[in-house]
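The values are calculated or read from the model by the stated rules, or taken from the named source; none is laboratory data. Keep in mind that this is a model prediction, so the values were computed, not measured. Quick reminder, even Gly has a Cβ in these numbers, built from the backbone with ideal geometry, and neighbours come from all protein chains shown.
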Amino acid sequence: MHLLVVEDDRDTREFIRNGLLQAGHSVDVAADGRDGLFAATTQQFDLIVLDRMLPALDGLTLLRTLRASGNRVPVLLLSALGEVDQRVAGLRAGADDYLVKPFAFSELEARIEVLMRRTAPDGPATVLKLGDLELDIMTRAVRRGAVPIDLQPREFRLLEYLMRHAGQVVTRTMLLEHVWDYHFDPQTNVIDVHVSRLRGKIDRGFDTQLLHTVRGAGYRLALEGVSDAG
Amino acid sequence: MLAERARSVASRFGALVRTSTFQLTLFYTGLFSVSAALLAMFFYWSTIGLLLRETDATLKAEVTGLAEQYLEHGLQRLVQVIVHRMGNDQSGSMVYLFATRDNQPLAGNLLEWPRIEADVDGWVEFSHRRADGRILPTRARVYGLGDGLHLLVGRNIEQLQQLRQVFNRALVLGVGLIFVLATGGGLLMSSRLLKRVGAMTAATGDIVAGQLDRRLEIRGTGDEFDELATRVNIMLDRLAALLATVRHVSDNIAHDLRTPLTRLRNRLELAARDAPAAVRDELEASVEDADQLLATFAALLRIARIESGSYDAQYEPLDVGTLVNDAIELYLGVAQDKRLALHAEVEGRAVVRGDRNLLFQALTNLLDNAIKHAPAGSLVKIVVGLAGGGVVIDVKDAGAGIPIGEYERVTQRFTRLDQSRSLPGSGLGLSLVKAVAELHHGTLSFSDNAPGLCASLKLPAA
């Protein structure tokens, strides 16, 4: 995958670049908004990591210009801490996701993976499959092999989200945002409890474990049990 | 209703009477009344008293003179003298009577012996009807001449009595007026003072209750209350500034440490990926520790941003019932793992205007707390009700509760009561709830759930 990182702070830029290179992506960088816009309009990228506050041309203007010219490349917007909460403004300007600095690299990586996969031409499947696990979005039926699995509505949404991002690391924050639709910090590991209950329903009694915990990052629904997200 | 009103009036009156001003006024009223009475007595003694003494002296001289006439010259001479004296008395104010043992008048201008104690050699006061029909008050001296004969010399004291009456009336009126004016003035002054002091007491009470930005009213009259209020306000400003400094220091530490801590965390995370299994576990555990620290910093900064008003909250009408049910659904698993029953009672449609994420955060913080402190097998309940134009969300547990004296302290940053030190948590949960409540013009209060704690989040209804 080919990514563009537009970030004026050298440390952050290099850090993101190195991490993404390590994860096996190819990475271009730009240090200000003008260079960033030039790169974004002259080359094809799978995703752009864009800082909000940039010299020469600020991130939001860059993003609006890009969208106005019909460019649909996924954009993950970064904003520095201490700025007013403008997540909504960022999303409104056309960002696909939003992350507040400083962030854990695993969070950035997980979000990047999800965003890049979103554009993959999957087709509007009504039945999601992973190995012998099947989830029918229309009938709301879940089966593993021949065994029907009874899920609560929230568990269904959780499994659906995990299956849509099968093979990818999904962080707890992402689950809160997409499955529970709230942006907040739970004090306890409430998400872990929900995930472990879901695991009890889809994995207990089966030879292959599908729902894996990725330490320090989140969860991954996958056939192979390797926890390396790279 | 009426009784209640009467009681409230009585209690207000009681408060008035208990004020030091009123008691001081009462004391001075008494003192003033006593000195006024002393002054009046002196006036009486030197005016009416003087006239009275003069009258008595005259009468005494007269009666002695007449008695001497009798003793030296006999009965005939006395009668002559009396007649002569009566003739000389142009004012007609003198009264004479010379009578026998059985009160038969021998000479004088009294028609009969007055009905008085036949007190020989004494002072008497009586009224008698004169020949012209006028009834006159008279003061007289009686003198026994021996052989049962007795003599009475008196004087009309009508004017003196009138004077005395005027004086008495003036005395009663004056003292009464002093008393009424002083008491009324005292009450008025006390009630004004009480109002002022009451306002100050209420304001300081609010400050103690946590409204740290409340100040005492300054009326601009420049009196000693204004002076006091100004000083107290300056003191409060200083305390607030000091508090803000302390808070800023901790917020800045959190802010400044976050970036390097994140960098450290990310280095550890990347290092863990290529590390051998033994090292990897340690590194991953370190990443989790760092995440915990970062979460604390994030909470601290979020509180700071909410309190300073720099949090860009998105206000929208929210159904509290939905928020509560979502929170319950989110925590149901955690509760069940602790064998707790989790219930919501939502009465009516409670709608508030607020930031969805912040209110959900506040709600889950309260619920999280309740679940943490509830003993296994007990009930944790969220009750949503409408009261006084607001929505009240009560989160109740049956845990150890909070001692009443600690209610204020638990909403301060990093406060962890002894009983919860062993439980996980940063000590920031309730601080955040309070900040969110205040951002929404609401309050966070606590009460005894007997047993346990009832945390009440009150928000204005939309």
For this session: Would you mind listing the strands (runs of 3 or more DSSP E) fully within segment B:348-452 where at least 2 residues are more than 38 Å from the chain's Cα centre (by Cα) and either among the small types (G, A, S) or away from chain A (no Cβ under 14 Å) (or both)?
Result: B:351-355, B:379-387
Seminar exercise, completed: The residue from B:Q80, B:Q69, B:Q76, B:Q90 that alone is surrounded by 11 or more Cβ atoms within 10 Å (Cβ to Cβ), polar (S, T, N, Q) and out of contact with any helix residue (DSSP H, G or I) (no Cβ under 6 Å at 6 or more places or on another chain) is B:Q80
Seminar exercise, completed: For strands (runs of 3 or more DSSP E) lying entirely in segment A:132-230, having 3 or more residues that are modelled with pLDDT of 90 or more, within 15 Å of the chain's Cα centre (by Cα) and more than 14 Å from chain B (Cβ to nearest Cβ) picks out A:218-221
Seminar exercise, completed: If we keep only residues of segment B:127-139 that are surrounded by fewer than 16 Cβ atoms within 10 Å (Cβ to Cβ) and among the hydrophobic types (A, V, I, L, M, F, W, C), then the residue nearest to B:Y96 (Cα to Cα) is B:A131
Exercise. Of the residues that sit in segment B:274-310 and are surrounded by fewer than 15 Cβ atoms within 10 Å (Cβ to Cβ) and of a type in the set (D, E, K, R), which one is farthest from B:V246 (Cα to Cα)?
Worked result: B:D274
Seminar exercise, completed: Of the residues in segment A:20-58, those that are surrounded by fewer than 20 Cβ atoms within 10 Å (Cβ to Cβ) and closer than 15 Å to A:P102 by Cβ number 1
Exercise. In segment B:306-331, how many are touching a helix residue (DSSP H, G or I) at 6+ places or on another chain (Cβ under 9 Å), part of a helix (DSSP H, G or I) and not small (G, A, S)?
Worked result: 10
Problem set entry | Residue list for segment B:299-343, filter: modelled with pLDDT of 90 or more, facing chain A (nearest Cβ under 10 Å) and farther than 18 Å from B:N365 by Cβ | B:Q336, B:D337
Exercise. Any idea which of B:L151, B:L187 is surrounded by 15 or more Cβ atoms within 10 Å (Cβ to Cβ), among the hydrophobic types (A, V, I, L, M, F, W, C) and within 30 Å of B:D102 (Cα to Cα)?
Worked result: B:L151
For this session: Return a yes/no flag: does segment B:274-297 have any residue that is in contact (Cβ under 8 Å) with a residue 60 or more places away in the chain and closer than 30 Å to B:R215 by Cβ.
Result: no
Exercise. If B:A376 satisfies every condition in (1) surrounded by fewer than 22 Cβ atoms within 10 Å (Cβ to Cβ); (2) closer than 21 Å to B:S431 by Cα; (3) among the small types (G, A, S) but one, which is the exception?
Worked result: (2)
